[in-house]
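None of the figures in this text is laboratory data; all of them are computed from the coordinates on show. None of the values given here were measured: they were computed from a predicted structure. Please note: Cβ atoms are built from the backbone with ideal geometry, for glycine as well, and neighbour counts cover all protein chains shown.
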Amino acid sequence: MNQRILMAAAAALVAGCAATPAGEDASAQALQIMKSSFQERGQAKLDRLDQDEAQKLCSAAGADAVPKDVAERIEKANLAQIRYPADGKLLGDWREGEKIAQSGVGKQFSDDPKRPAGGNCYACHQLSKAEISFGTIGPSLHNFGKLRGPSEATRRYAYGKIYNAQAFTACSNMPRFGHNGILTEEQLKHLVALLLDPASPVNR
Amino acid sequence: MRTRRNIAVIAIAAAAGLAPEALAQGSAMEEIQKYRDQLAAGNPAELWEARGEALWKHQRGPKNVSLEACDLGKGTGVVRGAYAELPRYFADAGRVMDLETRLVHCMTTLQGLKEEEVTARPYGSGNRRSDFEALAAWITSESKGVAMKVLMEHPKEREAYRVGEKIFYFRGGPHDFACATCHGESGKRIRLQDLPNLTERKDAQRGYITWPAYRVSQGELRTMQWRLYDCFRQQRFPELKFGSEASIALISFLAKNAQDGVYAGPAIKR
């Protein structure tokens, strides 16, 4: 009898171990190694290695896409955290938006935290036709406003997408500029104008 | 960064006799390739290589010996082809090491130097030169033409690869960036800079076999340790420690992905 209980307990233990995927152990090990391999410098403290839920889930997926249910969970949680401007105004000045789109300053340990950060949009996206030095990690945004029109819904989508890209596409490569405090509310409005103002070079 | 890049584009445009605004993207890319080809004709990396060879043979430290008794993995003093098999497990240290950490090991154990002294300047700047950049330039040049062959036989080597893979996909910091954000897909660019997909054999080989490299924009010879250090800076991570376990794991992952690529460094890059 005792022996049988013991065997059942052992079987449960084995099952318990099997339920922890090997990948999770490697992740925990990797995190531990990373914590001892980096040091704080300037504004980049070690807590930057503490992942939120989306970062954890997206990392765990590795080269694969996250499963559909996980993607929906990430999107729902991020969507709920978008904060729209209290004054209800979403359109700033596209000229300021262009400057923000060009600037890659911000959040690196080599950056002066007192300087305003940029969005570095051109690193990954085509925007105005005149700027030929653009990257291709993200889609072309040339004619973004022209193709979608000036509706309030489009403005809210553009603001929300820049504020928190993962509210719409889980594990998107795009930084969550509002959510993570990279850009201010005012800067986000300027970027919405860059995308949607008919006078913006993006739509010309 | 952006200014420098734009200046380069304008300079190329001027050299080609074109107004910058007349440049279509395609021709800009072609001109940049021509610029790169011209750079390759004379590589200042040779200056670092010469200094590195002299440092290797220079007797110093409390024990007043040279590094010629250092075992880089292929036996005492064997430099030819050694870099192509790194990182690897070293029984005398009980861990996996890349080139720079092995050099630190030899400097401390053979020459009797203090670790904090030798690692004080891993990356040079102007007159403040780094011995590691010189030594790495020379030692890697002795693997030119040798196919990359990291062994991955020892369990610790396989563990380093697995951890390195996890680090490659680790998203963190205010920008949610991982190595994979920029280096996990083929055919992508940042601005006009082509990005190698380090999970794909051909790209991984091309990337790995050209480090260390002389960086024209910095006037410095940079190592693989520096490459990772500066990638993490741009990822908005804290500062990667020189020779850290994470750096060795990540280099193990990248080296294995570049397996069979014929080593061609030190190269010259923008």
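Annotations
- 10 Å Cβ neighbours from other chains, averaged over peptide A:114-120: 1
- Average projection, convex hull of the Cα set of segment A:94-203: 6.8 square nanometres.
- Stokes-Einstein D for chain B, Kirkwood Rh over Cα pairs, 20 °C, 1.002 mPa s (µm²/s): 110 µm²/s
- Per-residue shielding of B:161-167, expressed as the average number of other chain Cβ atoms within 10 Å of the residue Cβ, stands at 6.
- A crude spin-label estimate for the pair A:Arg83 and A:Glu152, with each label 7 Å from Cα along the Cβ direction, gives 2.2 nm.
- Relative contact order for segment A:115-204, counting Cα pairs under 8 Å that sit 6 or more residues apart, in percent: 33 percent
- Cut-off under 5 Å, modelled amide H: who pairs with A:Phe38 long-range: B:Lys241
- 0 to 90° range, to nearest 10: angle between helix B:155-168 axis and chain B longest Cα axis: 30 degrees
- Note on segment B:36-85 and segment A:97-115: Cα centroid distance 39 Å, given to the nearest whole angstrom.
- A:Gln32 paired with B:Cys231, simple spin-label distance in nm, labels 7 Å along Cα-to-beta-carbon: 2.5 nm
- Projected over every direction and averaged, the convex hull enclosing the alpha-carbon atoms of segment B:155-269 yields 7.2 nm².
- Listed cross-link partners A:Lys45/A:Lys114; B:Lys202/B:Lys241; B:Lys63/B:Lys114; A:Lys146/B:Lys188; A:Lys45/A:Lys107; A:Lys56/A:Lys189 are compared with a 19 Å cut-off, the Cα-Cα value being larger for B:Lys202/B:Lys241; A:Lys146/B:Lys188; A:Lys56/A:Lys189.
- Residue-wise HN-Hα couplings along segment A:172-184, as the Karplus relation 6.51 cos²θ - 1.76 cosθ + 1.60 with θ = phi - 60° gives them from phi, are 3, 6, 7, x, 8, 5, x, 3, 9, x, 7, 10, 7 Hz; Gly and Pro carry x.
- Along principal axes, Cα extents of segment A:89-144, largest first, whole Å: 33, 30, 17
- Springs between Cα atoms under 10 Å define the GNM used for chain B, and in it the highest mean-square fluctuation of B:Tyr169, B:Tyr123, B:Tyr214 occurs at B:Tyr169.
- Using the Stokes-Einstein relation with a Kirkwood hydrodynamic radius computed over Cα pairs, the translational diffusion coefficient of the protein assembly as shown at 20 °C and a viscosity of 1.002 mPa s comes to 87 µm²/s.
- Whole-Hz ³J(HN,Hα) from phi, Karplus 6.51 cos²θ - 1.76 cosθ + 1.60, for segment A:57-64, glycine and proline x: 5, 5, 5, 4, 6, x, 6, 8
- Candidates B:Ala50, B:Ala147, B:Ala134: whichever shows maximal mean-square fluctuation once chain B is modelled as a Gaussian network with Cα springs under 10 Å: B:Ala50
- Distance-filtered residues of segment B:190-230 - backbone nitrogen under 15 Å, label point 7 angstrom along B:Met29 Cα→Cβ: B:190-197
- Angle between chain B longest axis and helix B:224-234 axis [Cα atoms, degrees, rounded to 10]: 50 degrees
- Along principal axes, Cα extents of segment B:104-185, largest first, whole Å: 40, 36, 28
- On Cα atoms only, tilt of A:68-79 relative to the major axis of chain A in degrees: 50 degrees
- Taking the square roots of 5 times each eigenvalue of the Cα gyration tensor of chain A, largest first, gives ellipsoid semi-axes of 42, 21, 15 Å.
- Distance from segment B:136-201 to segment B:250-270 (C-alpha centre basis), Å: 8 Å
- Ranking A:Tyr163, A:Leu195, A:Ser37 by Cα position along the charge dipole of chain A, where only Lys, Arg, Asp and Glu carry charges on their C-beta atoms, puts A:Leu195 farthest toward the positive end.
- Amide H contacts for B:Val262 (H built 1.01 Å from N in the peptide plane; partners 5 or more residues away or on another chain; cut-off under 5 Å): B:Met148.
- Couplings for segment B:264-270, taken from phi via the Karplus curve 6.51 cos²θ - 1.76 cosθ + 1.60 with θ = phi - 60°, read 9, x, x, 9, 10, 10, 3 Hz in order; Gly and Pro are left as x.
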